[in-house]
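For reference, the structure is listed below as structure tokens.
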Amino acid sequence: MAAPYELIYYTGVPGRGEHVRLVLEEAGAPYKDTQFLSFDEARKAVTTWLGGGGHGNPRYFAPPLFKHGDLVISQTPNILLYLGNQLGLAGSQDNDSYRVNALALTALDGLSNEVHDSHHPIAVMLPWEDQKEESKRRSKEWVQNRLPSHLAYWQRVLENGERGPGQWLLGSTFTYADLVLFQCLDGTHYAFPKAMKQARETGKYDKVFKLWEDVKARPNIAAYLASNRRQKYQDWGIYRHYDENDVVAE
């Protein structure tokens, strides 16, 4: 019997572990997930496996963690690279896995890390209320300048004829990069609904928003999003909504 896939992460919000879940759900791969444990039990599992779990695995800094047999790895893009090759979601041509990894990293940098930093621009450990004014200023600048830059980049990727025909980032080949971009767009919708509505209504990024809709419509993803396995966004995760930060570009 093949070793099961196991996602080890906190419970309560989608977080960085959500990218891993989406890949597993799209592939229809059975997996274990600590999200169904209590918060304290999930935290204990994370703490335990951060130690590496033996078998030559090093200690790791932070979750998500992913276990497959004796292998334990961390870092979301690293887990995605591993699973993409395992599950046939890393492209179909020579060296596609590197192209897909680059696209996933770009989405995570711009539409995950930067979105997080908009609500915690000073220090991760400080409450939002203690950096509220800085957060408002950062969010206004991000919506004005960075969000259009990121959306324009993804529109160019989807318009590039070199990728061949098709609605996905690599043309007709669906990869985990499409799932990562979907989740990043989805989280940004939660954090900045007014800005995303404004961006969509310009018509400049039609292919980007179509990809978001097309991923949602994929049978396995649609079933997952409608299930209790899909956790709701909360105001303590990567993607947080604050009315004061929800501005539009001028």
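The values are calculated or read from the model by the stated rules, or taken from the named source; none is laboratory data. These figures come from a predicted structure and were not determined experimentally. No Cβ is skipped: glycine too gets one built from the backbone with ideal geometry, and neighbour counts run over all protein chains shown. Heads up: the accessible areas ignore ligands, DNA and RNA and are worked out on the full protein's heavy atoms, side chains in. Shrake-Rupley method; radii C 1.70, N 1.55, O 1.52, S 1.80 Å.
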Across the range 191-221, the tally of residues that are within 16 Å of the chain's Cα centre (by Cα), more than 17 Å from ALA152 (Cβ to Cβ) and not acidic (Asp, Glu) stands at 4
Of the conditions (1) assigned to a helix (DSSP H, G or I); (2) modelled with pLDDT of 95 or more; (3) open to solvent by 10 Å² or more (accessible area, probe 1.4 Å); (4) of a type outside the set (A, V, I, L, M, F, W, C), GLU162 clears all except one; give me its number.
-> (2)
Of the residues ALA217, ALA177, ALA222, ALA195, which is of a type in the set (Gly, Ala, Ser), closer than 27 Å to ARG99 by Cβ and open to solvent by less than 30 Å² (accessible area, probe 1.4 Å)?
-> ALA177
Across the range 234-249, what is the total count of residues that are under 15 Å from LYS194 (Cβ atoms), open to solvent by 70 Å² or more (accessible area, probe 1.4 Å) and charged (D, E, K, R)?
-> 2
Which of the following residues is of a type in the set (A, V, I, L, M, F, W, C) and either touching a Leu at 6+ places or on another chain (Cβ under 6 Å) or surrounded by 21 or more Cβ atoms within 10 Å (Cβ to Cβ) (or both): LEU105, LEU147, LEU126?
-> LEU147
Taking the condition part of a helix (DSSP H, G or I), closer than 27 Å to GLY91 by Cα, in contact with a strand residue (DSSP E or B) (Cβ under 7 Å, 6 or more places away or on another chain) and acidic (Asp, Glu), does ASP186 pass?
-> no
Qualifying residue in the range 141-155 (condition: free of Cβ contacts under 8 Å to residues at least 12 places away in the same chain and assigned to a loop (DSSP other than H, G, I, E, B)) = no
Taking the range 1-34 only, how many residues are under 17 Å from the mean Cα position of the chain (by Cα), of a type in the set (A, V, I, L, M) and open to solvent by 20 Å² or more (accessible area, probe 1.4 Å)?
-> 1
So is ALA104 at pLDDT 95 or above and assigned to a loop (DSSP other than H, G, I, E, B) or not?
-> no
When TYR98 is run through (1) surrounded by 13 or more Cβ atoms within 10 Å (Cβ to Cβ); (2) at pLDDT 95 or above, the failure sits at (1)
Can you run down the residue pairs with Cβ atoms below 6 Å, 6 or more apart or on separate chains, where the first is in the range 48-67 and part of a loop (DSSP other than H, G, I, E, B) and the partner is open to solvent by 40 Å² or more (accessible area, probe 1.4 Å)?
-> LEU50/TYR60; GLY51/ARG59; GLY52/PRO58; GLY52/ARG59; HIS55/ASP70; PRO64/ARG16
Restricting the range 165-174 to residues that are part of a loop (DSSP other than H, G, I, E, B) and without any contact (Cβ under 8 Å) to a residue 40 or more places away in the chain, the residue that is least open to solvent (accessible area, probe 1.4 Å) | GLY166
Quick check, is SER38 surrounded by 12 or more Cβ atoms within 10 Å (Cβ to Cβ) and over 16 Å from the mean Cα position of the chain (by Cα)?
-> no
